[in-house]
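*Asks:* Shown below is the structure under consideration.
The values are calculated or read from the model by the stated rules, or taken from the named source; none is laboratory data. Note that the structure is predicted; figures quoted are calculated from it, not measured. Here the Cβ positions follow ideal geometry from the backbone for every residue, glycine too, while neighbour counts run over all protein chains shown. Just the protein is used for accessible areas: all its heavy atoms, side chains included, with ligands, DNA and RNA removed. Shrake-Rupley method; radii C 1.70, N 1.55, O 1.52, S 1.80 Å.
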Amino acid sequence: MRNFLTAMTALSVGAMASTQAFAQEVRNPAAEWEELWNTVIIDITIIGVIMAIAAVWMLIKYRATSPDQVGTAKRLTTVQAISFALIPAAIFMADDFYLAAKGWTVWNAYRRVPENAIEIKVTAYQWYFEFEYPDGTETEELKMPIGEPVVLRMTSEDVLHNFGVPEYRVKEDVMPGRITYIWINPVEAKETIVQCAEFCGQNHSEMTTKVSAVPREEYDAWLAKIAAED
Amino acid sequence: MTTDAETATVHEHHWEWSWAPLLVVAGIFFLLPISFGFYFAYDDLLMTAIFAGLGTVLLLAGVSIWVHEGLTQTPLLAGVANVGLPIFILSEIFIFLSLFSSYWMMRLGMESWPPEGTPHISNTIPLVMTVILVSSSVTAHMAEEKLEHGDLSGFNKWWIYSIILGSVFLGLSLYEWSNLINEGFIPATNAYSSAFYTITGFHASHVLLGLGAFIAVLIPALSGRTNKTFVSCVSVYWHFVDIVWFFVASQIYFW
Amino acid sequence: MSTPTTTTGHAAVPAWKEWILTTDHKRIGILYLVGAMAAFGIAGLMALIIRLEQMELGMQFVESGTQYNGILYFHGAVMILAFLIPGLTGFAANYFLPLMIGARDVAFPRINAFSVWLFYFAIVLALLSFVVPDGPDIMWTGYPPYSVTTSANTSMYVFTVHLLGFSSILGAVNFLVTVIYLRAPGMGWNQLNMFVWTTIAAFVLQLIFIPVLASAVTLLLFDKYLGTHFFDPTEGGDVLLYQNLFWFYSHPAVYVIFLPAVGILFDIIATMSKNRIFNYKAAVYVGIWGTVGISGIVWVHHLYVSGMPDWIRLGHMVTTLLISVPVGILTLSMWGTLYKGAITYNTAMMYAASCLYLILLGGLTGIPLALPSMTLHLSETSYVHAHFHFIMALFAAFALFGGIYYWFPKMTGRYADGPIATVSFWLNFVGVNVTFWPLFIIGKEGMPRRYWDYEMFKDVQIMGFYFEDFHKVATIGAFTIALGMLLPTINFIYAAFKGKPAPDNPWNSKSLEWTHTASPPGPGNFGDTDVVLDENWSPYEYQK
Ligand code: HEA
Ligand code: HEA
Ligand code: CUA
Ligand SMILES: [Cu+2]
């Protein structure tokens, strides 16, 4: 037990040290998502293909040749029975923990907001989003300066909504009474969309607006223009 | 198979059937979903009344057939109902647990409790109610004891005491509710009123159901027909309702 | 069918009474089957409307978003609650569990009839939602605040859930007592059919978790119609409370579907390959009960994007992944049962074989979803649809269909196999792949759920194709399935009356329902002699 505890402590100290190292750089969750996707898909494809081949092989090989033929599998001894449970369980668990560790790392990228992030407030209504920029400007579309992380603090005025930006591989519910957040690292110029991804009634599938990453100057000019219009 | 059935003495094999389940379900169906919908969603009082009436009649008819059959037919396996009931009660426990955890979630998330708009809620009534409910459990147990010794009239007497005590409990609950409602404390008032009416109401509905079962046992018992398993089920259920009350009272009134 | 028997003291009873008012577990099972298939047919037609609507950009088939939502609500709720759960734990368990354990009926036959009637009235209530003004449009999840603020009649949803839930709870009580007390003398716990074990497990889940769902929807009802504030954040309630309560039930509910389906598969595979279950004890105690044990602590994987605290999401990532351990053990036993078997092919076995593929595809695609960092993008997309249609809609439904073909001779005394059965199997198998693979692909690029239109994606291309193209393929697939489902429906009805007669034990199984009863079994199941077993008996022992 003591050994176990020591090991756990060592592990968690290690984990903390490494997360601190991560906190320094600004990560790119969308890119990391893509990598993780590839890892996971390869992982499950391997499992799936092995199992599928085994199944097909047995389904073909063990066809009965006469109607009264019976199967010839031996009864397992206790040792065999226990091994056939424990060994696969250990293998599956190993894979699970491998995936969990990978998933956890990327999770940190998603949830640790860089300190210098621009903070934009999002309010969702049936059926549109409203954005409030640090300077108080309010718009109905999202623009971000390239290369500067943006954090969205989101809440809803009526029912549940979800702020989902497929291009940036991120979404999170927006709900009344709580503030949720996501952050985006717009590394390059891009024009895409945000869509509502939590069921919110009649026009749920029309609740969408533009999201774009533009150079800093354009962003400033845009904000200034809107401020002037009001 | 056909001949088997005709000669068999141990098992009489024929297709069993009964009106009771269908009638009870139809009764519940009209009484709850349909009447509720007409009343709350479509504001149609006439339809509500019609379907509630129809439902009640079907329900009563179904229950009485069911009780009759339960007393006259020999089941495949006698005496397992008192195993089934605790299993069912397990499920009931989980309902109460989820209601309580919803209450705890709300309560622990609030800065001050009780929230604004809550009038003073007396502690005396729940205490009296506790005493009454516990005594009714005792009388129910006494009745069972009498039945065990074959004393049917003693059983009837104690059983009626339990029914009276249970009704008084329910009456007090209604009295308290109506007072509070008069003071403007209704389910919609605040978080506390939501939990208060939901949990006490849910418990009261169990008391009501229990009373129904008591009466369903009593009516045939008055003319001399009883079934021990049935009686012990009703009383186990009653003890359960009693125990739950301790949780309700302690959480809702005394915490 | 055997004719009604008359015994002294029992007047002849009209046949309709002996069917409609029956308290016999086999006939109740048939009633469940008919109800579940009707529900499947209607909800399947709704699926076709959904597919037609999604086939092209813009609105073609429905008149408003609300109508689409109502249809999708019906499809999801009815498929899960009124087709698969009653089909597996109603029909299959009712008809075969007592036969498999050598019981003459269930412990409480009248309560059993009570359950089936609750189920029928629930279907009626669900169907009424198309008739009444403002039918429910809140999806099968019914999340507040929408379900509280909508003008639609949320109470119908709530009561449908109540009726079905009550039905299942009583079923659970009934079957647990039956298995405990009515096993044939001599039948030990390690001699039970896999289907019996999986059904017990499913009922334990129902017993413990349904109450939580029932209270969640009850609070919804109170919030909407009595003005309480459980889910209202302005008065101290919490919208996440509902989601937690809902998924606390509805995740285990997927195993209520999954486990009995697995049980049917085991029984088909063991019978058709004349082989013992590989590592029976591991499959039962680790596989089945491990799944049950973990199922209660993973529900937050449906709330990965709901704003739950980070540490909870990570905790549930680990527990969710760990489900692959018991399920993996179950699959290994399933695979191992084929090993050195003597496999005969027929329609039941073809469905069973295809299930091996579906369980892998559907189960393994749950693994990316189990990682919150993946789900942050995949959630609420059609990737999730593809995942659960493969594992639930297809795997479990195929297992159920396999089971119907497998047990058809027992229920009717006739075979349902034949050219129509084979053709429809292939139509189904091809159809499901054509329908749901495209949804994986566009889901990964962000195609959202519950959308009748996807205008904003009109320029997005994957491998040179637009979303619309994928949707078109999926629609073609759906119609292929429709044909593949319509044919056997006709076939079943035809075969029940005119099919090729079958002997009592056509597959030479060792399981009690085949060895000890007539086809179909009469009242009381086993004639006059009670079934008595010795300790060497096993439903899977073929080598003696
Ligand atoms: C029968 C139904 C069923 C079953 C069995 C499952 C099984 C699983 N499901 Fe699925 N799921 C649903 C029905 C089902 N699901 C439904 C209906 C929804 C959507 C609900 C809604 O929102 O409307 C859903 C949604 C859903 C989500 C939420 C997505 C979202 O909305 O954001 C997640 C996330 O973790 C998930 C994961 C899993 C996992 C990990 C399993 C596991 O149990 C799978 C385990 C199986 C295997 C892994 C394959 C076999 C194992 C091996 C070959 C061993 C080796 C494998 C490894 C080591 C990995 N499912
Ligand atoms: C058991 C569960 C189950 C089953 C079997 C199915 C079966 C099918 N589902 Fe379903 N589906 C769900 C459960 C299921 N689904 C759930 C839970 C949702 C989520 C809802 C939500 O988001 O809230 C969903 C959502 C869903 C969507 C998403 C819509 C959206 O997000 O906007 C789509 C779209 O393609 C779809 C398609 C299909 C198709 C094509 C089939 C086909 O396999 C259907 C084939 C069947 C038929 C076509 C019937 C044919 C039968 C007959 C003709 C018999 C004769 C008839 C009588 C005797 C009456 N389903
Ligand atoms: Cu807003 Cu969906
Ligand atoms: Cu789940």
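*Asks:* Pairs on different chains or at least eight residues apart, Cα atoms closer than 19 Å: how many lysine pairs in chain A fit?
*Replies:* 12
*Asks:* Please sort through the DSSP H helices of chain C and keep those with an alpha-carbon extent of at least 15 Å along the long axis and a Kyte-Doolittle average not below -1.0.
*Replies:* Within chain C the helices that satisfy the rule are C:25-55, C:65-77, C:109-128, C:154-181, C:194-225, C:239-272, C:310-322, C:324-338, C:347-364, C:397-412, C:419-444, C:467-498.
*Asks:* Report the FRET efficiency, 1/(1 + (r/R0)^6), for B:Leu174 and B:Val131, where r is their Cβ-Cβ distance and R0 is 22 Å, rounded to 0.05. Could you put the intermediate results ahead of the total?
*Replies:* Working: r = 18 Å, r/R0 = 0.80.
Approximately 0.80, to the nearest 0.05.
*Asks:* Count the lysine pairs in the range C:22-507 whose Cα atoms lie under 30 Å apart, taking only pairs 8 or more positions apart in sequence or on different chains.
*Replies:* Pairs that pass both the separation and distance tests number 17.
*Asks:* Helix-derived [θ] at 222 nm for chain B: sum -39500 (n - 2.57) over DSSP H runs of at least 4, divide by residue count, nearest 500? Could the numbers behind the result be given before it?
*Replies:* Values: 8 runs with 182 residues, N = 255.
When only DSSP H runs of four or more count, the value is -25000 deg cm²/dmol.
*Asks:* Output the peptides C:457-466, C:13-22 sorted from most to least packed, where packing is the average of other Cβ atoms within 10 Å over each peptide's residues. Walk me through the numbers before you get to the answer.
*Replies:* Working: C:457-466: 13.0, C:13-22: 15.6.
My ranking of the peptides, most packed first, is C:13-22, C:457-466.
*Asks:* Still on this structure, I have one more. Would you mind giving the mean number of other chain beta-carbons within 10 Å of the Cβ of each residue in A:58-70, as a whole number?
*Replies:* Numbers: counts 11, 9, 1, 5, 9, 6, 8, 1, 2, 3, 3, 6, 12.
Partner-chain Cβ atoms within 10 Å, mean over residues of A:58-70: 6.
*Asks:* Looking at chain A as a GNM with Cα springs under 10 Å, which of A:Ala55, A:Ala73, A:Ala124 has the largest mean-square fluctuation?
*Replies:* Result: A:Ala73 has the largest fluctuation of those listed.
*Asks:* Which residues among the range C:517-544 fall inside the zone where the amide N is under 14 Å from a point 7 Å beyond the Cα of C:Asn508, along Cα→Cβ?
*Replies:* C:541-544
*Asks:* Please give the peptides B:45-52, A:134-141 ranked by average Cβ packing (other Cβ atoms within 10 Å per residue), highest first, as a rough proxy for protection.
*Replies:* Working: B:45-52: 14.9, A:134-141: 12.5.
Order by mean packing, descending: B:45-52, A:134-141.
*Asks:* If you roll a 1.4 Å probe over the heavy atoms of the protein chains, what accessible area per residue do you get for the protein assembly as shown, in Å²? Could you put the intermediate results ahead of the total?
*Replies:* On the way: 39290 Å² over 1029 residues.
Result: 38 Å² per residue.
*Asks:* Let me ask something else. Equivalent ellipsoid semi-axes for chain A, as square roots of 5 times the alpha carbon gyration tensor eigenvalues: give them largest first, rounded to whole Å. Numbers along the way, then the final one.
*Replies:* On the way: eigenvalues 485, 124, 54 Å².
Output for chain A: semi-axes of 49, 25, 16 Å.
*Asks:* Please give the total accessible area that chains B and C bury against each other, computed with a 1.4 Å probe and expressed in Å² to the nearest 100. Write down the numbers at each step before the final one.
*Replies:* Numbers: alone 15120 and 21740 Å², together 30780 Å².
Its buried surface, counting both partners, is about 6100 Å².
*Asks:* Peptide C:285-296: average number of partner chain Cβ atoms within 10 Å per residue? Working shown, then result.
*Replies:* Details: counts 1, 4, 1, 0, 0, 2, 0, 0, 0, 0, 0, 0.
Average neighbour count from other chains, rounded to a whole number: 1.
*Asks:* Next question, about the same structure. Which residues belonging to the range C:509-544 lose at least 30 Å² of 1.4 Å-probe accessible area when the assembly is complete, relative to their chain isolated?
*Replies:* Buried on complex formation: C:Pro523, C:Gly527, C:Asp528, C:Gln543.
*Asks:* Okay, next question. What residues of the range B:88-109 lose no less than 10 Å² of accessible area with every protein chain in place versus their chain by itself (probe 1.4 Å, heavy atoms only)?
*Replies:* B:Phe88, B:Leu90, B:Ser91, B:Phe94, B:Ile95, B:Ser98, B:Leu99, B:Ser102, B:Met105, B:Met106
*Asks:* How high is the FRET efficiency from A:Asp230 to A:Arg153, r the C-beta distance, R0 30 Å, rounded to 0.05?
*Replies:* Details: r = 22 Å, r/R0 = 0.72.
For R0 = 30 Å, the calculated efficiency reads 0.85.
*Asks:* To the nearest 10 square angstrom, how much accessible area does A:Ile118 have with a 1.4 angstrom probe?
*Replies:* Here the accessible area works out near 30 Å².
*Asks:* Could you please state how large a percent of the accessible area of the range B:44-153 is carbon and sulfur, counting protein chains only and using a 1.4 Å probe? Don't jump to the answer; show the numbers that get you there.
*Replies:* Details: 4080 of 5870 Å².
Within the range B:44-153, the accessible surface is 69 percent carbon and sulfur.
*Asks:* Here's another thing I want to ask about it. For the range A:118-229, what is the per residue volume of the convex hull drawn over the alpha-carbon atoms, in cubic angstrom?
*Replies:* Details: hull volume 10.1 nm³, N = 112.
Once divided by residue count, the hull of the range A:118-229 is 90 Å³.
*Asks:* Further, regarding this structure: Using the basic label-point model (7 angstrom from Cα toward the beta carbon), what is the C:Val430 to A:Lys74 distance in nanometres?
*Replies:* 4.5
*Asks:* Report the Stokes-Einstein translational diffusion coefficient (µm² s⁻¹, integer) for the range C:22-507, Rh taken as the Kirkwood radius over Cα pairs, at 10 °C with viscosity 1.306 mPa s.
*Replies:* Numbers: Rh = 23.0 Å.
The estimated diffusion coefficient comes to 69 µm²/s.
*Asks:* Moving to a separate point now. How much of the accessible area of chain A, in percent, comes from carbon and sulfur atoms when a 1.4 Å probe is used? Could the numbers behind the result be given before it?
*Replies:* Values: 7200 of 11900 Å².
After summing per-atom areas, the C and S share lands at 61 percent.
*Asks:* Averaged across the residues of C:105-118, what count of C-beta atoms belonging to other chains lies within 10 Å of each residue's C-beta?
*Replies:* On the way: counts 4, 2, 7, 6, 7, 12, 5, 1, 9, 9, 2, 3, 8, 5.
Taking all residues of C:105-118 together, the mean is 6.
*Asks:* What base-10 log of the normalised intensity I(q)/I(0) is obtained for the range B:86-252 from the Debye formula, alpha carbons as equal point scatterers, at q = 0.11, 0.16, 0.17 Å⁻¹?
*Replies:* Calculated log10 I(q)/I(0) at the listed q: -0.50, -0.92, -1.00.
*Asks:* Could you calculate the FRET efficiency of A:Tyr181 with C:Asn190 from 1/(1 + (r/R0)^6), where r is the beta carbon distance between them and R0 is 60 Å, rounded to 0.05? Each step should come with its number before you reach the end.
*Replies:* On the way: r = 53 Å, r/R0 = 0.88.
Approximately 0.70, to the nearest 0.05.
*Asks:* Report in % the part of the accessible area of the range C:22-507 that belongs to carbon and sulfur, leaving out ligands and nucleic acids; probe 1.4 Å.
*Replies:* On the way: 9000 of 12500 Å².
Reported share for carbon and sulfur atoms: 72 percent.
*Asks:* Now a separate question. Could you report the buried accessible area between A and C, both sides summed, computed with a 1.4 Å probe and given in Å² to the nearest 100? List each step's numbers first, then the result.
*Replies:* Working: alone 15320 and 21740 Å², together 30260 Å².
Accessible area lost upon association: around 6800 Å².
*Asks:* Further, regarding this structure: Compute the Kirkwood hydrodynamic radius of the protein assembly as shown, taking the inverse of the mean of 1/r over all pairs of distinct Cα atoms, and give it in Å to one decimal. Working shown, then result.
*Replies:* Details: mean 1/r = 0.0325 Å⁻¹.
Every distinct Cα pair counted, the radius reaches 30.8 Å.
*Asks:* Going by alpha carbons, how many degrees (0 to 90, nearest 10) lie between the helix axis of B:81-109 and the longest principal axis of chain B?
*Replies:* That helix lies at roughly 10 degrees to the long axis.
*Asks:* Sum -39500 (n - 2.57) across every DSSP H segment of at least 4 residues in chain C, then divide by the residue count to get the 222 nm mean residue ellipticity, nearest 500. Each step should come with its number before you reach the end.
*Replies:* Working: 20 runs with 326 residues, N = 544.
Estimated from H runs of four or more residues: -20000 deg cm²/dmol.
*Asks:* How big is D, in µm² s⁻¹, for the range C:308-355 by Stokes-Einstein at 20 °C and 1.002 mPa s if Rh is the Kirkwood radius over C-alpha pairs? Please report the intermediate quantities before stating the final value.
*Replies:* Working: Rh = 13.5 Å.
Translational D for this selection: 159 µm²/s.
*Asks:* Still on this structure: Viscosity 1.567 mPa s, temperature 4 °C: give me the Stokes-Einstein translational D for the range C:68-130 in µm²/s, with Rh taken as the Kirkwood radius over C-alpha pairs.
*Replies:* Details: Rh = 13.1 Å.
In µm²/s, the coefficient rounds to 99.
*Asks:* Contour minus end-to-end for A:Lys190 and A:Ala101, with contour as 0.36 nm per residue of separation and end-to-end as the Cα-Cα distance?
*Replies:* Details: separation 89, 0.36 × 89 = 32.04 nm, distance 3.10 nm.
Between A:Lys190 and A:Ala101, full extension yields 28.9 nm more.
*Asks:* Mind checking the angle between helix B:45-72 and chain B's longest principal axis? C-alpha axes, 0 to 90 degrees, to the nearest 10.
*Replies:* Between the helix axis and the principal axis of chain B, the angle is about 40 degrees.
*Asks:* Can you list residues from other chains, or at least 5 along the same chain, whose modelled amide H is less than 5 Å from the amide H of A:Ile193?
*Replies:* Residues meeting the criterion, in which the H sits 1.01 Å from N, are A:Glu167, A:Val211.
*Asks:* What is the angle, in °, between the Cα long axis of helix B:228-248 and the longest principal axis of the Cα atoms in chain B? Nearest 10 is fine, range 0 to 90.
*Replies:* Approximately 10 degrees, to the nearest 10.
*Asks:* Pop out a list of residues from the range A:191-206 that are at least 30 Å² less accessible with all the protein chains around than in their chain alone; 1.4 Å probe, no ligands or nucleic acids counted.
*Replies:* Relative to the lone chain, where solvent access is computed with a 1.4 Å probe, the range A:191-206 loses at least 30 Å² at A:Ile193, A:Gln195, A:Ala197, A:Glu198, A:Phe199, A:Gln202, A:His204, A:Ser205, A:Glu206.
*Asks:* Using a basic spin-label model with each label point 7 Å from the Cα along Cα→Cβ, how many nm lie between A:Ile87 and C:Trp335?
*Replies:* 1.3
*Asks:* Of the options A:Ile179, A:Pro29, A:Gln69, report the single residue whose Cα projects farthest towards the positive end of the charge dipole of chain A (beta-carbon charges: Lys, Arg +1; Asp, Glu -1).
*Replies:* A:Gln69
*Asks:* Got a sec? What order do C:Trp335, C:Trp289, C:Trp140, C:Trp189 fall in by accessible area at 1.4 Å, biggest, i.e. largest, first?
*Replies:* Values: C:Trp335 10, C:Trp289 70, C:Trp140 45, C:Trp189 100 Å².
Heavy-atom accessible area, descending, gives C:Trp189, C:Trp289, C:Trp140, C:Trp335.
*Asks:* Sticking with this one: By how many nm would the segment from C:Met463 to C:Leu57 lengthen if fully extended, with 0.36 nm per residue of separation less the alpha-carbon distance?
*Replies:* Values: separation 406, 0.36 × 406 = 146.16 nm, distance 1.92 nm.
Gain on extension, C:Met463 to C:Leu57, equals 144.2 nm.
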